[in-house]
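The values are calculated or read from the model by the stated rules, or taken from the named source; none is laboratory data. Only a predicted model underlies this, so the values are computations on that prediction, with no experimental measurement involved. Positions of Cβ are generated from backbone atoms using ideal geometry, with glycine treated the same way; all protein chains shown enter the neighbour counts. Surface accessibility is based on the protein's heavy atoms, side chains included, excluding ligands, DNA and RNA. Shrake-Rupley method; radii C 1.70, N 1.55, O 1.52, S 1.80 Å.
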Amino acid sequence: METNSILISEKRKVFKLNTSSQKVEWDISFEHKIAGISRVNEYVFISTVNNWGKYHTSLLKFNSGKLLWTIDKILYYIHVLEETIIYIDRTKEVVCLLLNSGEEKFRVKMDFKWYESPKMALIENNIYLFSIKSTKVLNLNTGSLSEAKLPANINPKELTFILDEFQIEINTLPSGDAGDAMLYGIGAGNDGGGFNAGDAGGGGDAGGGGE
């Protein structure tokens, strides 16, 4: 998606600026402080945090600025596939949301050992979760996980980093809530711009905490 527009975030407002005309195409204000912002193709994910450290995630349309929904969840490793959003919850469950409503379609426990740090990646249109010891693939229809192997002779024991089909840099799951909010693990999308929260699992912050 080519565009002459950029997204700019202020303390409690996000606006889309056309860099050619220098005109604001849309703006939207939030009740709470903006902790992070990222774009995945035509969708804009915004995390906000209140004075008590409670996070929310909002989804906007990039072209119009239309607010689709807001939920009181932190989203990690977001992938947008067809009409769904796949992400990892802070409970370390894989969750599927309906894109247009934010309604939860399913959630499934990853069932890795407590000492494992699984990674999630989109490879050949499949969502894989893998650690050094095991690999699972997600069934997007049933929400079930089944044992699998990574394709193309990828050896999880030798992996240090991988840039998946969604252009997300895969390392390990974040271990804390230090302001990274739902942006942790989001890359730029297929051809979207926006914020990359850094090393997806290395420990960078995507925003501040409460005021």
Practice prompt. Using the charge dipole of region 19-146 (Lys, Arg: +1 at Cβ; Asp, Glu: -1 at Cβ; taken about the Cα centre), state which of 142, 78, 131 has its Cα farthest towards the positive end.
Written response: 131
Worksheet, complete the sentence: Expressed as a percent, the accessible surface of region 1-73 that is carbon or sulfur, using a 1.4 Å probe and the full set of protein chains, is 44
Item to complete: Name the residues whose placed amide hydrogens come within less than 5 Å of the amide hydrogen of residue 43, ignoring near sequence neighbours (fewer than 5 apart) on the same chain.
Response: 62
Response to the item:
Averaged over all viewing directions, the convex hull of the alpha carbons in region 18-59 casts a projected area in nm² of 3.6
Fill in: Cβ crowding within 10 Å averaged over residues, with 108-117, 75-84 ranked highest first
75-84, 108-117
Item to complete: Would you mind checking which residues have amide H under 5 Å from residue 74's amide H? H placed 1.01 Å from N; only 5 or more apart, or other chain.
Response: 90
Worksheet item: On the first, second and third principal axes, largest extent first, how far apart are the outermost C-alpha atoms of region 1-87 in Å?
Response: 39, 33, 18
Worksheet item: So what is the accessible area of region 98-152 per residue, in Å², with the probe set to 1.4 Å?
Response: 58
Worksheet entry | Environment charge of residue 112, counting only residues whose C-beta is closer than 11 Å and scoring Lys/Arg +1, Asp/Glu -1 | +4
Worksheet item: So who's got an amide H within less than 5 Å of the one on residue 35, skipping anything under 5 residues away but keeping other chains? H placed 1.01 Å off N, in plane.
Response: 47, 48, 49
Fill in: All lysines inside 24 Å of residue 54 as judged from Cα atoms, apart from same-chain residues fewer than 8 positions distant
11, 13, 33, 66, 73, 92, 105, 109
